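J.: Please read through the structure below; I'll follow up with questions.
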Amino acid sequence: MSGCVESIGNRVFLIPPKGVLEKLRNIILAKLSGGERKLVGGLEVPCYRPMLIELVVDDACSVCPYAIEFVVELAASCNFITVKIYNMSYVEPPFPVQATPIFRVNERVLWVGIPITGDFKVIEEYLKEAYIETHPELEKLVEKLKQFAELYNLFRNPNDDQFKQLLYKLLVNIDRYGYPYCPCRPIKFLGLVLQRRRSTSLTKTRYAHAYMH
């Protein structure tokens, strides 16, 4: 199997380096070497912990080159991202494929297709969803929120999208600062908060609006 895989910078893996992957090899090298990133600009990529993005393409797919460039730019923009690109014209894909291009993140979140209009916000949401669902602190954080709500007779925000955004921001703060600091607080004050926390913990009342929002 090793002879069917080409590793580029130990960040992007071409499986195998044939067909469309061979044709785009120079473009892939250029993007990983600091070349133009015209597709991921403006996206909020969760670049806080290791993320595996798998992409399945085939030689007959007209938009697959576009998808390949996109995931390579993601890898180039974040050192935590590893990309494996499978060309199913030559190898069996690692998961069931309905159509190409098809993406899978952290072996959990899967979607088919790529916006040819260039509006990648929907993919940004998929990446955030994968970050949340596969985060090792997720269950602990959710349980903490439940306990807090029960203690203070609070209720979870019924808007699932807003609650998911809150979880995302709390998990990001865990990764960035080691603690689920309230995302509603201005970051410019965080340095002072971190200094204070060395001697005293933040009170629960300061977290009420953040946890339940």
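J.: Report the residue count in the range 13-38 for those that are on the phi < 0 side of the Ramachandran plot and touching a residue at least 60 places away in the same chain (Cβ under 8 Å).
T.: Total satisfying the criteria: 7.
J.: Do you know which residues across the range 73-131 are touching a Gly at 6+ places or on another chain (Cβ under 8 Å) and over 19 Å from Val57 (Cβ atoms)?
T.: The answer is none; no residue qualifies.
J.: What number goes with the only condition from (1) assigned to a loop (DSSP other than H, G, I, E, B); (2) in contact with a Leu (Cβ under 8 Å, 6 or more places away or on another chain) that Leu21 does not pass?
T.: (1)
J.: Moving to a separate point now. Sort out which residues of the range 101-128 are β-branched (Val, Ile, Thr) and under 15 Å from Ile53 (Cα atoms), and write them in order of number.
T.: Hits for the range 101-128 are Ile102, Val105, Val109, Val112, Ile114, Ile123.
J.: Could you pull out the residue among Ile123, Ile114 that is surrounded by 18 or more Cβ atoms within 10 Å (Cβ to Cβ), assigned to a loop (DSSP other than H, G, I, E, B) and touching a residue at least 40 places away in the same chain (Cβ under 8 Å)?
T.: Ile114
J.: Continuing with this model, one more query. Output the number of residues of the range 151-160 satisfying the condition of being farther than 19 Å from Pro180 by Cα and either within 24 Å of the chain's Cα centre (by Cα) or assigned to a helix (DSSP H, G or I) (or both).
T.: The qualifying residues number 2.
J.: Any chance the range 63-75 includes a residue that's surrounded by 17 or more Cβ atoms within 10 Å (Cβ to Cβ), free of Cβ contacts under 8 Å to residues at least 60 places away in the same chain and assigned to a loop (DSSP other than H, G, I, E, B)?
T.: Within the range 63-75, none of the residues are surrounded by 17 or more Cβ atoms within 10 Å (Cβ to Cβ), free of Cβ contacts under 8 Å to residues at least 60 places away in the same chain and assigned to a loop (DSSP other than H, G, I, E, B).
J.: Which pairs do you get when a residue that is more than 29 Å from Gln165 (Cβ to Cβ), found in the range 45-59, comes within reach of a residue that is among the basic types (Lys, Arg) and part of a strand (DSSP E or B), reach meaning Cβ atoms under 9 angstrom, with the pair 6+ apart or on two chains?
T.: Partner pairs satisfying both residue conditions: Val56/Arg104.
J.: So which pairs qualify, if the first residue must be in the range 84-104 and farther than 19 Å from Tyr66 by Cβ, the second must be at pLDDT below 95, the Cβ gap must be under 7 Å, and the two must be at least 6 apart or on different chains?
T.: From the range 84-104, the pairs are Val91/Cys4.
The values are calculated or read from the model by the stated rules, or taken from the named source; none is laboratory data. Here the structure is a predicted model, which means the values were calculated and not measured. All Cβ positions, even for glycine, are placed from backbone atoms using ideal geometry, and neighbour counts span all protein chains on display.
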